[in-house]
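Below is one structure; the comments refer to it alone.
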Amino acid sequence: MLILHAALVDGAVAVWGEVPFEKKGRPKSAGASAGQLRAALTEGGVAMEGEARTLIGWLPSAAGRPAPSSPLLGEPIALETTRIEPWSIEVIASEDATNLLASVVGKRLIAPGVVVGGTLAFLATAMRFAAALVSRGHVLPSLEQVGTDWFARWIAAPAAGEHEQIASLVRSIPPALLAFGTTNDAPPAIEPRAAIERFLTSVVDRQMRAQTNAPASLVSLHDRWLAALGSADGRLHGDDGELAALRSTLAEWRRPVTEQALFDFRVAFRLEEPAPDADRWTIRFLLQGVDDPSLMLPLSLVWRSDARGADAAAVRRLMKRGRGDATRFVLGSLAQAGTISKAVDEALRKAAPSEIDTDTNGAFTFLVSDAAALESAGFGVFLPSWWSGKGTKKRLSLRASVRAPKFKSAAGLSMQELVDVQWKVALGGEVLSLSELRALARMKTPLIRLRGEWVQLTSAEIEEAIRFAGARKERVPLDDVVRMSLTAAAAGAKVLALDDVEGDAAVGEILERLQGKREWEELPPPAGFEGTLRPYQARGFSWLDFLTRTGLGACLADDMGLGKTVQTLALIQKRWLEQKAPLLLICPTSVTGNWVREAARFTPLLPVLLHHGADRKQGKAFAAKAKKSAIVISSYALLVRDAELLRGVRWKGVVLDEAQNIKNSETKQARAARAIEADLRIALTGTPVENNIGDLWSIADFLNPGYLGSVSSFRERFFLPIQTRRDPDAIESLRRLTGPLILRRLKTDRSIIADLPEKNEMKVYCTLTKEQASLYEAVVRDAQQAIEESEGIGRRGAILATLTKLKQVCNHPRQLLGDRSAIDGRSGKLARLHEMLGEAVESGDRALVFTQFAEMGNILQTHLQEQFGMEVLFLHGATPRAKRDVMVERFQQAGDGPSIFILSLKAGGTGLNLTRANHVFHFDRWWNPAVENQATDRAFRIGQTRSVQVHKFICGGTFEEKIDAMIEGKLELATKVVGTGEGWLTEMSNRELRELFALRADAVGE
Amino acid sequence: MAWYRDYFPPSKPIAAKGGIKARSKRGAFATSWWGKRWLDVLEALNIGGRLERGRSYARKGQVLNIDIEPGSVRADVQGSRPKPYRIGIGVKQLAANETQRLAAELAKSPYFLAKLMTREMPQDIETLFDTARVSLFPSRASELRTDCSCPDWSNPCKHIAAVYYLLGEEFDRDPFLIFRLRGLDTAAMLDSIRGAEPEAPAQTEAQPETVPDVNVRTLVRGQAAPESFWEGSRPEVDLTAGTDRTPAPLLRRLGNLPFWRGQQPLLDTLEPTYAAAANTALQILASEPLSL
């Protein structure tokens, strides 16, 4: 475990690694070595150019060691009991840490066991702030002198609100960032503001410098200065006098922008539309407060020294509050606004500079060109609410009216059916007639007031509108209509958007269901389906059927535990009855066993082929068997490895379980998934797909190839505007496109809670790794002998010992072997737990994990902390009372507490209140239902109204499954079990024991 | 003296490097009415071919530097001799009572003040000057004193003419320069009109606050939780990217540097830099979403 930290030292960024403290050869030295640090960075895929140095870090220390910064590295120690002491620490220092900082954004770890510390995260935020300044163009070139050398530099030119944000960065800075120096004598004197400003400048300078090209001729001083702005070190040579003069000239030139910081107000412009019967617009000049942006006063009050009233007094107060010449500043600002906007410039020619009176053309120019430029340059700009920033909110749009020529019910309509489409043109809610459109074409202004609302109209739009409005009915396949309705685009329309598609009867039903305006028909469970579907599951199954019949791929994104498996199986069963052709189901290796068992339970009539393991079928044998199966289950790994083989089968459909496995569109498995040809396509995932824009494309493209365009067009159109600007148009557009494809219900949804039992108990069938399987068989072999050759108490002892050992094997080999060997990748249960906890944590849930072995608890805690980079609580028999209470309190508190609590207690922890948990995992089982329930009930509170998901892990094909079956099946056995622990097992005969311990071939998942 | 004019053949100047190049490539030098008025005086002096040579020198960038001080202009011009010629233009400054009268008239009209700051002089400002009985422009040659170290005895010579034309261009850009030349300190005048506090120009940029000796120990004094040392608190910053519609808004707002000597206007040279940098900044910002 290594926590990455950063420090600012002399303008450079020093990165160091905090590791569990070990006394080293050199006294008072701490932290990871430079080599370890580089290895950690490499593991995280981060390149950091820099040199290794040794610096002195002043850290809170106690008892001769630095206090750990996080519970991940040891018990936290209260600051007041520590003293700040110097430690010699190896760092990697670099002037340019942009790569490193960009790669840690939003991540808790960069690799298992390599955690991003608070200082690094803070610096990454500061770096992004600097990048935001650059993206807004709030930077200016300058010239400065350091010692006797001159340097051309880019500096930040923060606008009104940005100064406050810099102040916020300064206030929030973690002291650890400034705790490094070069001497042992005393901690370095620091100045948080200076450190932040220096850092921001260095980032800004680097970003601008990289894009500055030297001019062709380098003769004049000005051109040489420009070249220095883009050169590696920025050095500018020349006569000191000349350079000093240039520096002053530059400072004076920058002044209109820099002096904004001295004033409490700025100049602003507001566009006011004409009264209902008039046609003159006003652009009013205002003073807007910086600290209080709601304060807006007309500029006219500045010019009239005789002005009276509260507003006039407010203006005088504002003007006096600056630390400079307010009038000069206002006049200067107006002058500069005039260089950006011709309208403002003109206004200053005619009357007292307090407003502009203009016509519609002038207003339009202001809206379209001046407003954005003025705003970026630091002026306030206020536009009418009907202007969206790119155009009027109301635009001309198209409407399609669809009729199916023959009378058919929705279920009978095929997507290839031809339907009639009649085009109409609408504005807002109303349809415009052809003559109205022709009248509009005769007007010459770009902005028109139509029925009381302002609408922007280009000649291209009018022409297209007239063309569509005058067109005759078209005949197109229903499939095209559906696509049109989802993408809001009509074929042949270059400029106008398609606003609404409405249809009658059958077509209308389909469209309304897609748009979410009408519930799809709820179907009864198909024949051959065993067991019951909860009401929400029946709705989900019906939705899957409906959507896939319209030719679209469907993504079922229900919360974990709601039964995506069973809903999918119902659909597969229904389609099997219609057509006997195979469907390919791809899932993580750890889940294959689960699917097999669920299918056997709910759809026992479906022939299932599990394509997995070393002895899986190949070539013709595979093709033959697959053709006769309803479902062929395989893993993501084999999707890639056996791609050729899988291509040889005509698939009816393909289902991806845990579809987040293809979220990165570049990976082999994502490509392989997209390459499968099948009409029916379904993706299952428990993670909130629509919130991760970056991951959305790959899944959407798998479901409906080409639906969201190419990766690069998606990036331009959606990813960048949404990720960097929260662009509301892009968000809305994406939601409209993907909404119909995704069905996601949460266990907290009111409509679901009623259908869920208070305790939603589920069995999770896990597999064994090869190593686990061979250990298992070895234990069984040794046991057989011991048991068969002994009797009485000896035999009892041998049986119980074997049970314990087998439990340990099923948990993790390390538990049986008792060593400190590697953890990852050696246990099927652990792999599945990791996946499930990952999903739970991402959804903001909290989980309890029960195990009977303290050892396993340790292994789990170490592994999960390494993998998730967050603190995982672990309570076991030897935990002192006081510490136990603190842990429980921390888990129960709202907000940022730890999300995972491992418990390894004999009685399952009676008396503990852990009701914040909404997941309970039984990693290994008490075969005593009463004890198990007691443990589960830690998460319960009387009168609660939510459902807790209880997951019971069972290694399929092992004794765990068999015992579970026995307990389920034989109630008397259950009553026998209470009170006698596992003693009843010792009463089984040798033959029964042999059967119990036999390992089935399908237990192995690799 | 007439015979000198025919005696000196036109000489070829040594090419000047890094000199000030006139913006005007052809035709008139000043476009504003006051810039033109300034040049009127020069052109009325009737120095013939030297005006033409002066324009050509100004366009070629032979004028190396220009300094405007109250009452005088000093400049260096590269001629046909290795050593550049020194030019001086002296202008009669406004008397104290003239300045006061002007200030009084301006005080009555903030509109004119604003106009001046937009670098324009409305035609009607002359009425203001008339009322104040002040004339802004030299109306006669006798109000100007010009000298040049070149061997041409004609006064003004082509070197002086070159400087004169460039001044016309700069007056276009900043009418306050004429005021400055006439000895009128506009900033002081505005101050006295408005009664505002004097400004602190040198400190508009870095504002270092004097802080008592701060180090890590002082920063954590009195804190209990380890987080206050290691994590700090959450800064309130807005990481929304700018739109790409106007790449270099501040450059547009500020315009060119005075007496810019670069090959291309500043905005033209640096606008691509701003656009490209904004694009890479966007990539950095896109790596993690703003919370939705």
Query raised in the report: Does residue A:232 count as farther than 30 Å from residue B:224 by Cβ, surrounded by fewer than 14 Cβ atoms within 10 Å (Cβ to Cβ) and more than 10 Å from every other protein chain (Cβ to nearest Cβ)?
Result: yes
**Report entry** Positions within region B:204-236 being modelled with pLDDT under 85, exposed (fewer than 14 other Cβ atoms within 10 Å of the Cβ) and not basic (Lys, Arg), in sequence order
**Finding:** B:206, B:207, B:208, B:209, B:210, B:211, B:212, B:213, B:222, B:224, B:225
Report summary line: Selection over region A:186-205 where residues are more than 22 Å from residue A:143 (Cβ to Cβ) and facing chain B (nearest Cβ under 8 Å) yields a count of 8
Query raised in the report: Just one of A:251, A:210 is in contact with a helix residue (DSSP H, G or I) (Cβ under 9 Å, 6 or more places away or on another chain) and modelled with pLDDT of 90 or more; which is it?
Result: A:210
Report task. Could you tell me which residue of region A:206-228 is nearest to residue A:135 (Cα to Cα), considering only residues that are more than 7 Å from every other protein chain (Cβ to nearest Cβ) and touching a Lys or Arg at 6+ places or on another chain (Cβ under 7 Å)? Result -> A:228
Query raised in the report: Taking strands (runs of 3 or more DSSP E) that fall entirely within region A:352-446, which contain at least 1 residues that are closer than 30 Å to residue A:256 by Cα?
Result: A:355-358, A:380-382
Query raised in the report: Out of curiosity, is residue A:301 within 14 Å of another protein chain (Cβ to nearest Cβ) and buried (at least 18 other Cβ atoms within 10 Å of the Cβ)?
Result: yes
Query - Selection from region A:567-617 of residues that are under 32 Å from the mean Cα position of the chain (by Cα), aliphatic (A, V, I, L, M) and over 15 Å from residue A:633 (Cβ atoms) - result: A:570, A:571
Report summary line: Conditions (1) without any contact (Cβ under 8 Å) to a residue 12 or more places away in the chain; (2) part of a loop (DSSP other than H, G, I, E, B) -> residue A:48 fails only (1)
Query raised in the report: For the subset of region A:761-789 comprising residues that are at pLDDT below 90 and polar (S, T, N, Q), which member is surrounded by the most Cβ atoms within 10 Å (Cβ to Cβ)?
Result: A:784
Query raised in the report: Taking region A:75-98 on its own, how many of its residues are surrounded by 15 or more Cβ atoms within 10 Å (Cβ to Cβ), away from every other protein chain (no Cβ under 11 Å) and not in a strand (DSSP E or B)?
Result: 2
Query raised in the report: What do you reckon, is residue A:158 at pLDDT below 95, more than 7 Å from every other protein chain (Cβ to nearest Cβ) and within 20 Å of residue B:277 (Cα to Cα)?
Result: yes
Report summary line: Checked B:239, B:257, B:285 against criteria (crowded, with 22+ Cβ neighbours inside 10 Å and either at pLDDT 85 or above or facing another protein chain (nearest Cβ under 7 Å) (or both)); the one match is B:285
Query raised in the report: Just for region A:156-182: of the residues that are among the polar types (S, T, N, Q) and touching a residue at least 24 places away in the same chain (Cβ under 8 Å), which one is farthest from residue A:261 (Cα to Cα)?
Result: A:182
Report summary line: Per the filter on region A:543-590, residues farther than 28 Å from residue A:506 by Cβ, assigned to a helix (DSSP H, G or I) and at pLDDT 90 or above are A:564, A:565, A:566, A:569
Query raised in the report: Among the residues of region A:126-147 satisfying the criterion of being in contact (Cβ under 8 Å) with a residue 40 or more places away in the chain and of a type in the set (Val, Ile, Thr), which is farthest from the other protein chains (Cβ to nearest Cβ)?
Result: A:139
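Results for (1) crowded, with 19+ Cβ neighbours inside 10 Å; (2) touching a Pro at 6+ places or on another chain (Cβ under 7 Å); (3) of a type in the set (Asp, Glu), shown as yes or no for each residue.
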| position | (1), (2), (3) |
| --- | --- |
| A:798 | yes, no, no |
| A:801 | no, no, no |
| A:807 | yes, no, no |
| A:815 | yes, no, no |
| A:819 | no, no, yes |
| A:825 | no, no, no |
| A:833 | yes, no, no |
| A:846 | yes, no, no |
Query - Odd one out for residue A:260, checked against (1) at pLDDT below 90; (2) facing chain B (nearest Cβ under 7 Å); (3) surrounded by 21 or more Cβ atoms within 10 Å (Cβ to Cβ); (4) touching a strand residue (DSSP E or B) at 6+ places or on another chain (Cβ under 9 Å) - result: (2)
Query - Verdict on residue B:201 being out of contact with any strand residue (DSSP E or B) (no Cβ under 7 Å at 6 or more places or on another chain), facing chain A (nearest Cβ under 8 Å) and at pLDDT 75 or above - result: no
Query raised in the report: Among the residues of region A:51-68, is any of a type in the set (Ser, Thr, Tyr), surrounded by 16 or more Cβ atoms within 10 Å (Cβ to Cβ) and either in contact with a Lys or Arg (Cβ under 9 Å, 6 or more places away or on another chain) or over 23 Å from residue A:124 (Cα atoms) (or both)?
Result: yes
Query raised in the report: Restricted to region A:107-125, and to residues that are in contact with a Leu (Cβ under 6 Å, 6 or more places away or on another chain), in contact (Cβ under 8 Å) with a residue 24 or more places away in the chain and within 10 Å of chain B (Cβ to nearest Cβ), which residue is nearest to residue A:229 (Cα to Cα)?
Result: A:119
**Report entry** Subset tally (residues that are within 7 Å of chain B (Cβ to nearest Cβ) and assigned to a loop (DSSP other than H, G, I, E, B)) for region A:170-185
**Finding:** 3
Report summary line: Requiring at least 3 residues that are at negative phi and touching a residue at least 24 places away in the same chain (Cβ under 8 Å), the helices (runs of 4 or more DSSP H) wholly within region A:674-731 are A:693-703, A:720-725
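The values are calculated or read from the model by the stated rules, or taken from the named source; none is laboratory data. If you're wondering where the values come from, they're calculated on a predicted model, not measured in any experiment. Neighbour counts are summed over all protein chains in view; Cβ atoms, including those assigned to glycine, are modelled from backbone coordinates with ideal geometry.
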